[in-house]
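Everything on this sheet refers to the single structure shown next.
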Amino acid sequence: MEGYTACIAQVAEISIQDGRLKVHRITCVIDCGQTVNPRIVESQLESGIVYGLSAALWGDITLRGGRVRQTNFNDYRVLRLNELPELDIHIIPGSGAPAGIGETGVPPVAPAVCNAIFAATGRRLRSLPISAQPNSSEPAEPGAVTG
């Protein structure tokens, strides 16, 4: 993906056993120009990947009577620490102007996971969240994805 004046790529490693998806690792490579503090870049990417993975797997907002049903984390599913896959972050050294890094890690997550699912099953997913796909072999319940 090219955005925020940065170039980023992600690859997900997954397995599906007994109809349950397990995300083992997400590898992320970014060229964000000159990096002043690499650890901040890594932290931003890690948090973006967690946010993006949560949204890809379970990010569904539903309405009832014109009101949002998900009001807090007790009824809006997010990735838990014990479900976090291994994150492998690589920063390409650059001398260009520093690029945006705040949201850069989020957009490539869903395509990376969906491409991994296609590679494993031959089935293309065309909408999100992954858990809402009929016969998706994807997690629909807490604890279904483990790191």
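The values are calculated or read from the model by the stated rules, or taken from the named source; none is laboratory data. Computed from a prediction, not measured in an experiment: that's the story for all the values here. Cβ atoms come from the backbone with ideal geometry, glycine included; neighbour counts cover every protein chain shown. Surface accessibility is based on the protein's heavy atoms, side chains included, excluding ligands, DNA and RNA. Shrake-Rupley method; radii C 1.70, N 1.55, O 1.52, S 1.80 Å.
Taking the C-alpha atoms only, the angle from helix 38-58 to the longest principal axis of the chain is near 20 degrees. Of all the options G52, G105, G66, the one that moves most in a Gaussian network model of the chain with Cα springs shorter than 10 angstrom is G66. Based on the Stokes-Einstein relation at 37 °C and a viscosity of 0.692 mPa s, and on the Kirkwood radius from alpha carbon pairs, the stretch 58-142 is assigned a translational diffusion coefficient of 205 µm²/s. Ordering G19, G102, A119 by Cα displacement along the dipole of the chain toward the positive end leaves G19 in first place; charges were set at the Cβ atoms of Lys, Arg (+1) and Asp, Glu (-1). Phi-derived couplings, Karplus 6.51 cos²θ - 1.76 cosθ + 1.60 at θ = phi - 60°, listed residue by residue for the stretch 72-80: 6, 6, 6, 10, 10, 6, 10, 4, 9 Hz, with x used for Gly and Pro. For the stretch 1-45 versus the stretch 104-124, the spacing of their alpha-carbon centroids is 12 Å.
Charges were assigned to the Cβ only: +1 to each Lys and Arg, -1 to each Asp and Glu. The resulting dipole of the chain about its Cα centre is roughly 520 debye. For the chain, what is the percent of antiparallel DSSP beta bridges, rounded to the nearest 5? Beta bridges within the chain, antiparallel portion: roughly 70 percent.
Carbon-plus-sulfur fraction of the accessible area of the chain, 1.4 Å probe, in percent? Summing carbon and sulfur atoms, their accessible area is 51 percent of the total for the chain. Relative to the dominant Cα principal axis of the chain, helix 109-121 is inclined by about 60°.
The listed peptides 116-127, 15-26, ordered by packing as a protection proxy, come out as 15-26, 116-127 (highest mean of other Cβ atoms within 10 Å first). Specify the residue with the greatest mean-square fluctuation among A55, A110, A99, computed from a Gaussian network of the chain linking alpha-carbon atoms under 10 Å apart. Taking springs between Cα atoms under 10 Å, the residue moving most is A99. Backbone phi angles across the stretch 94-106, fed through the Karplus curve with coefficients 6.51, -1.76 and 1.60 (θ = phi - 60°), yield HN-Hα couplings of x, 10, x, 4, x, 9, x, 10, x, 9, 4, x, 7 Hz in residue order; Gly and Pro are listed as x. For the chain, the 222 nm mean residue ellipticity estimated from helices alone, with every DSSP H stretch of n ≥ 4 adding -39500 (n - 2.57) and the total spread over all residues, rounds to -8000 deg cm²/dmol. Placing +1 on the Cβ of every Lys and Arg and -1 on the Cβ of every Asp and Glu, with no other charges, gives the stretch 43-112 a dipole of roughly 440 debye about its Cα centre.
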